[in-house]
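J.: Pasting a structure here, questions to come.
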């Protein structure tokens, strides 16, 4: 099982839900067994016991274990390059890159490279929505039909259910025609309405609030709500009201295929031929409010704490305490130990989000008990034994640094 990613899959069954859900095209959400275990989680030597806050000191021995664990996952999952950051207030930090950013030139991976961050975009879009909630411009229990016409069950689905992945809408990225359109020309732009059209041709999977099913369609709708009620384009709103106040100077919401330099190349098998290709110049507009953004390791470190606490680096509030509390109310999902709130998940105490789109994956999470941050960015989205490589890194790293809080999502069963 995977965690919330926007990965595309060929065929009738497309794994698009958080963890234990797959969504058969045209069918209902299905709960899957939770018995599968992660791979690549061993360490060369036993991990030290964590302190009361849940995180070990980053001693030279622990750093060696981290080096070995990261390199092991890279070998097993055939990851060209990865950057890892671990930050704690009193136990040290670990920031290191491994492998190459460009397989054709051998250019080394570097923590300062720009990376596409996929579904981590959802944390920004939902933050924008919650700011509008605080301003009284929208209500979380408003229906989406109050803002966008033509949504199946639109008079019943609330903004809260959209943000919490409990709308019942079909995920447009699971549509076979969308997949063909994207892979036949991955440089083409998509409009939000085109994405919604792929979704709305399908019946709803379940009634609003009845189940949990991860769905990119939800975020496209929320992006449109932000635009309508703020009077700004989503990228402009995110820049003015989130990136600038937080000080994320190396994060952007692209409007096309732009990709600042220096950046890593990205390697994917989500192609028309099935062969691995470099996706760095592909257009991420197909992800828009659900997955189009770009960032760097250090910016994601700052964002991890900000989104998990609702507090800006200067101490001001980004989101009111009550609204932040609602965001972090994470009802259980079918994945043991994992809950999902309003555009954010909690896996064994680690709060944040991950992301994947062709060629790139990321994981940005925060452990409040230790005020610890973990960020992983890598330049492939190719699965290893039905599991996303970013999840493998998260598992292997947290088994060392926070053995009482292991990011241990089960592996995804083969599509059937």
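J.: In this structure, does residue 387 turn out to be at positive phi and in contact (Cβ under 8 Å) with a residue 60 or more places away in the chain? Break it down stepwise before answering.
T.: Values: at positive phi: no; in contact (Cβ under 8 Å) with a residue 60 or more places away in the chain: yes.
Spelling it out, it is not the case that residue 387 is at positive phi and in contact (Cβ under 8 Å) with a residue 60 or more places away in the chain.
J.: I'd like the residue in segment 175-192 that is in contact with a helix residue (DSSP H, G or I) (Cβ under 9 Å, 6 or more places away or on another chain) and not in a loop (DSSP other than H, G, I, E, B) and, out of all such residues, is surrounded by the most Cβ atoms within 10 Å (Cβ to Cβ).
T.: In this case the residue turns out to be 182.
J.: Follow-up question, since we're still on this one. Which number in (1) free of Cβ contacts under 8 Å to residues at least 12 places away in the same chain; (2) out of contact with any helix residue (DSSP H, G or I) (no Cβ under 6 Å at 6 or more places or on another chain) marks the one condition that residue 270 misses?
T.: (1)
J.: So, one more: Of all residues in segment 219-251, which are under 18 Å from the mean Cα position of the chain (by Cα), under 20 Å from residue 311 (Cα atoms) and not in a loop (DSSP other than H, G, I, E, B)?
T.: 238, 242, 243
J.: Which one of 308, 289 is in a helix (DSSP H, G or I), under 13 Å from the mean Cα position of the chain (by Cα) and in contact (Cβ under 8 Å) with a residue 40 or more places away in the chain? First the steps, then the outcome.
T.: Working: 308 fails: under 13 Å from the mean Cα position of the chain (by Cα).
Testing whether each residue is in a helix (DSSP H, G or I), under 13 Å from the mean Cα position of the chain (by Cα) and in contact (Cβ under 8 Å) with a residue 40 or more places away in the chain leaves just 289.
J.: With the requirement that a residue be buried (at least 23 other Cβ atoms within 10 Å of the Cβ) and modelled with pLDDT under 95, what does segment 389-409 give you?
T.: The answer is 409, and nothing else.
J.: What number of residues within segment 193-215 satisfy the criterion of being part of a loop (DSSP other than H, G, I, E, B) and either touching a strand residue (DSSP E or B) at 6+ places or on another chain (Cβ under 6 Å) or more than 28 Å from residue 275 (Cα to Cα) (or both)?
T.: Taking segment 193-215 first, the residues part of a loop (DSSP other than H, G, I, E, B) are 201-215.
Pick out the ones that are also either touching a strand residue (DSSP E or B) at 6+ places or on another chain (Cβ under 6 Å) or more than 28 Å from residue 275 (Cα to Cα) (or both) and you get 201-213.
The total comes to 13.
J.: Oh, and also: Could you please give the count of residues in segment 315-328 that are assigned to a loop (DSSP other than H, G, I, E, B) and surrounded by 13 or more Cβ atoms within 10 Å (Cβ to Cβ)? Let's see the steps before the verdict.
T.: The first filter runs over segment 315-328 and keeps only residues assigned to a loop (DSSP other than H, G, I, E, B), leaving 315-316, 318-320, 328.
Adding the requirement that they be surrounded by 13 or more Cβ atoms within 10 Å (Cβ to Cβ) leaves 318-320, 328.
Matching residues across segment 315-328 total 4.
The values are calculated or read from the model by the stated rules, or taken from the named source; none is laboratory data. Small disclaimer: the values here were computed from a predicted structure and weren't measured. A quick note on method: Cβ atoms are made from the backbone with ideal geometry, for glycine too, and the neighbour counts reach across all protein chains shown.
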